[in-house]
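> Structure below; questions to follow.
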Amino acid sequence: MDKSYSIIKRGVLFHPELDELNDFRTVVYNWKTSITLGVNKFGYQILKIIDTSPGLMFEEVVSQISRVRGEAKWQVEGKVRYFLNKMVNESVVIEA
Amino acid sequence: MRPDNSQHFFAQFPSKALKNEWMAEKLAGMVKLPKRSFPNPIFIRSERDVCAGYAVIYDGTITEGELLFICRRRAWKELINRSADLVVVYVDCRERKVYVVTGQMGGFPCFYSLADDCVTISTSFSRINACLSARHLLLENVVEVLLWHSGSYPCDQTIVEEVKQLPPATLLTIDSGWKTQTQPLISWEETVEPVVPFSSALGFVDELVATATGVVAGYLKAAKNLKIGSQLSSGFDSSLVCYLVNRFIDGKAVYFTEHSPLLVQDTNTEIVAKFCQRHGIMTQLVEISDLYQFSSAKNGLKVESRGDYVTDYGFERHWGLNTRMSNDYGIDAVFSGEGGDELMGSHLSEWKKFPIQMGYFLEVNTYMNYGVDKVLAPKAIRIFNNRKRWAKKRVYPSFISPSALAIGQQYFPLYWETGVWHMMPLADPRMVKVAARMPKELWKGTRKQNVWSLRPDIFIPEQFVPKGYAQSWWERFLRERKDLLVGILKKSVLGEMGLIRSGELVRLLEAERFEEISLLAVVQLAIQLEIFLQKYKFTMVEE
């Protein structure tokens, strides 16, 4: 899966104070459907990683999230793939 | 004879008075509280402290003594938990501190400045701005004003760096070393507390109407012995308010319906007439065709700024109606249905948990979809798209939505200076708390129609139609004031700063290609800002 990922900026906003108050759960916005979606802490961490390094390859996203969460790559890979697919379908993340 | 309402609450303490002396008698003399028929000013002075301001309490009363006791105990929460419009300045000469507190409903804006060796506090931006010896223009905030940003999120700054704004339900503290601190008085945890939805739609709607009944009664009590007006359109919100006002003061209120052949999509007078017939209400039809934006600006190219970039010349409809209510009918306070739209979104918990993210999504996506880049120039678009602008915003928790709060915060001068106090019972926090418990069965489709279809005793079938956009009304200023707008835009300060496409707007106006001009609200505010910026001298502060 040699694809890269970037945030669509109009659909994601990080706010240090509110992110912490919400225990790093957040909302994202599908600009095509005007629908707001809830994102859990795992998803938040993925979005944050991609936002920091736009165009990150899938393997690198997996590596970084595994480091952040202290979990093995094989434990997170499937969940990362599922989340990114969902975000791509919801026009929150661009896949290239 | 109506009183002179042009004066605003204004306090100015020079550095000497706050650094060394702290004499209550002297400080009290520096507070100007204009007398009015409503609201009444509060002014208490002792040897140790001064308490001054205005408070309109809608859920009971607070005596001056009680207010002083609250201030002395610093029990600010007791004040801001009330359904009230208020601004209070408290000076404690022993502790050597100035406190300023604003009410949670936002009816009184509060601006302050520490420039020119003075602490200046006022409900009027223009009053403080006029005193400044130098002004620094904050480009980021100029762009926010162009985008009506305060409707997406409360503002704590103005376009002038030297003048700050204190948002609703916020405490400002200034100590003898002139260290300032602002503190939101509603906690985020309070606003996100889970609520239990009503188990039945009917039970919910009945409770909403019962609460509205109690709220309107409280507002009428707060304005007792005053001449009351109530605005009535063919929509649900103003109809509900008029219905309730009429129940309490049958025949003693004056009802107003703004109408114009250009505004039938917004207010259908036939529907209004049927609603009035049902409930025994007599409404005054006020023709407002000629009260469009900039209609009162004198002919010729020189338009004098009145000092307020938010309300000058852009709200002639409201100035005109309020002036008529005041002069012709002696109205002191007017009810409106403002806040009714926001009420129907009170159940959306994401707005409470993620107010800044939601404000960002709303603002950025709405304007991108409507082609904001046709009005704003690339530099402004860069500021508009900059997520850091949002990421650094402070959290100001509130039960009331920013767009409902913005009405008092932004349009205060037109209510204050016409002497007609604006009352919005549907934006009252008690209403918001009930509306937050809307059962899921009412969420889908047009929520307002779902809700009010359960009260056929109040609303008539003809009201259940979607409101349209009155394009011909909103673009009238382009057609009627073309020469004025071209004259202003040819000297455009915003264009020179690289913020608006003034040249392109001039070209479209001169060619009378009005239909190609998008985002009329942004164009309107750009012209208002131009009138302001072309009067005063500024130093620019880049983002």
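The values are calculated or read from the model by the stated rules, or taken from the named source; none is laboratory data. Everything numeric in this text was worked out from a predicted model, so none of it was measured. No Cβ is skipped: glycine too gets one built from the backbone with ideal geometry, and neighbour counts run over all protein chains shown.
> Would you call B:Y112 in a strand (DSSP E or B) and surrounded by fewer than 21 Cβ atoms within 10 Å (Cβ to Cβ)?
It is false that B:Y112 is in a strand (DSSP E or B) and surrounded by fewer than 21 Cβ atoms within 10 Å (Cβ to Cβ).
Residue by residue, here is whether (1) under 21 Å from B:K179 (Cα atoms); (2) modelled with pLDDT of 95 or more; (3) not aliphatic (A, V, I, L, M) holds:
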site: B:L67; (1), (2), (3): no, yes, no
site: B:R74; (1), (2), (3): yes, yes, yes
site: B:N81; (1), (2), (3): no, yes, yes
site: B:V88; (1), (2), (3): yes, yes, no
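> Determine whether the stretch B:372-394 contains at least one residue that is within 11 Å of chain A (Cβ to nearest Cβ), closer than 30 Å to B:V216 by Cβ and within 21 Å of the chain's Cα centre (by Cα).
No; the residues of the stretch B:372-394 include none that is within 11 Å of chain A (Cβ to nearest Cβ), closer than 30 Å to B:V216 by Cβ and within 21 Å of the chain's Cα centre (by Cα).
> If you take the residues of the stretch B:354-378 that are out of contact with any helix residue (DSSP H, G or I) (no Cβ under 8 Å at 6 or more places or on another chain) and in contact (Cβ under 8 Å) with a residue 12 or more places away in the chain, which of them is nearest to B:D428 (Cα to Cα)?
That would be B:L362.
> Would you mind finding the one in A:I49, A:I94, A:I65 that is surrounded by 15 or more Cβ atoms within 10 Å (Cβ to Cβ), touching a Ser or Thr at 6+ places or on another chain (Cβ under 7 Å) and away from chain B (no Cβ under 14 Å)?
Only one candidate passes the filter, namely A:I94.
> Across the stretch B:469-485, which residue is farthest from the chain's Cα centre (by Cα) among those that are among the basic types (K, R) and surrounded by 14 or more Cβ atoms within 10 Å (Cβ to Cβ)?
B:K482
> For the stretch B:426-543, please list each of the helices (runs of 4 or more DSSP H) lying entirely inside it that holds at least 3 residues being in contact with a Ser or Thr (Cβ under 8 Å, 6 or more places away or on another chain), touching a residue at least 12 places away in the same chain (Cβ under 8 Å) and under 30 Å from B:G106 (Cβ atoms).
Those helices (runs of 4 or more DSSP H) span B:429-435, B:520-533.
> Specify which of the listed residues (B:I383, B:I400) is of a type in the set (V, I, T), touching a helix residue (DSSP H, G or I) at 6+ places or on another chain (Cβ under 6 Å) and within 22 Å of B:N81 (Cα to Cα).
B:I400
> I'd like the full set of residues that are within 27 Å of the chain's Cα centre (by Cα) and of a type in the set (D, E, K, R), limited to the stretch B:16-42.
Of everything in the stretch B:16-42, those that are within 27 Å of the chain's Cα centre (by Cα) and of a type in the set (D, E, K, R) turn out to be B:K32, B:K35, B:R36.
> Look at the stretch B:486-507 and say how many of its residues are surrounded by fewer than 18 Cβ atoms within 10 Å (Cβ to Cβ) and hydrophobic (A, V, I, L, M, F, W, C).
Of the residues in the stretch B:486-507, 1 are surrounded by fewer than 18 Cβ atoms within 10 Å (Cβ to Cβ) and hydrophobic (A, V, I, L, M, F, W, C).
> Looking at the stretch B:346-371, which of its residues are among the hydroxyl-bearing types (S, T, Y), more than 9 Å from chain A (Cβ to nearest Cβ) and within 22 Å of the chain's Cα centre (by Cα)?
B:S346, B:T366, B:Y367
> Quick check on the stretch A:11-30: of everything there that is at the interface with another protein chain (Cβ under 7 Å from one of its Cβ atoms) and among the aromatic types (F, W, Y), which residue is surrounded by the most Cβ atoms within 10 Å (Cβ to Cβ)?
A:Y29
> When you go through B:D59, B:D85 one by one, which is the residue that is crowded, with 17+ Cβ neighbours inside 10 Å and assigned to a loop (DSSP other than H, G, I, E, B)?
Being crowded, with 17+ Cβ neighbours inside 10 Å and assigned to a loop (DSSP other than H, G, I, E, B) holds for just one of B:D59, B:D85, which is B:D59.
> Does the stretch B:316-371 hold any residues that are within 24 Å of B:R476 (Cβ to Cβ) and among the aliphatic types (A, V, I, L, M), and which are they?
Of everything in the stretch B:316-371, those that are within 24 Å of B:R476 (Cβ to Cβ) and among the aliphatic types (A, V, I, L, M) turn out to be B:L321, B:M325.
> Just wondering, is there one or more residues in the stretch B:346-355 that are among the basic types (K, R), crowded, with 19+ Cβ neighbours inside 10 Å and more than 29 Å from B:F459 (Cβ to Cβ)?
yes
> I need the full set of residues from the stretch B:224-249 which are assigned to a loop (DSSP other than H, G, I, E, B) and either β-branched (V, I, T) or over 18 Å from B:Q284 (Cα atoms) (or both), in order please.
Within the stretch B:224-249, B:K224, B:N225, B:L226, B:I249 meet the criteria.
> If we scan the stretch A:81-90, do we find a residue that is within 14 Å of chain B (Cβ to nearest Cβ), out of contact with any Asp or Glu (no Cβ under 8 Å at 6 or more places or on another chain) and under 23 Å from B:K393 (Cβ atoms)?
no
> Still on this structure, please answer the following. Limited to the stretch A:1-10, what total is found for residues that are under 21 Å from B:N365 (Cα atoms), more than 7 Å from every other protein chain (Cβ to nearest Cβ) and free of Cβ contacts under 8 Å to residues at least 60 places away in the same chain?
Within the stretch A:1-10, residues that are under 21 Å from B:N365 (Cα atoms), more than 7 Å from every other protein chain (Cβ to nearest Cβ) and free of Cβ contacts under 8 Å to residues at least 60 places away in the same chain number 0.
> Identify, please: which residue in the stretch B:41-56 is surrounded by fewer than 20 Cβ atoms within 10 Å (Cβ to Cβ) and of a type outside the set (D, E) and is, among those, farthest from B:Y219 (Cα to Cα)?
Filtering first and then ranking leaves B:R48.
> Also, quick follow-up: Might you let me know whether the stretch B:244-251 holds any residue that is of a type in the set (D, E), over 20 Å from B:R430 (Cβ atoms), surrounded by fewer than 16 Cβ atoms within 10 Å (Cβ to Cβ) and over 26 Å from the mean Cα position of the chain (by Cα)?
Looking through the stretch B:244-251, at least one residue is of a type in the set (D, E), over 20 Å from B:R430 (Cβ atoms), surrounded by fewer than 16 Cβ atoms within 10 Å (Cβ to Cβ) and over 26 Å from the mean Cα position of the chain (by Cα).
> Only one of these is within 17 Å of the chain's Cα centre (by Cα) and over 27 Å from B:I228 (Cβ atoms): B:P402, B:P425, B:P466, B:P461. Name it.
B:P402
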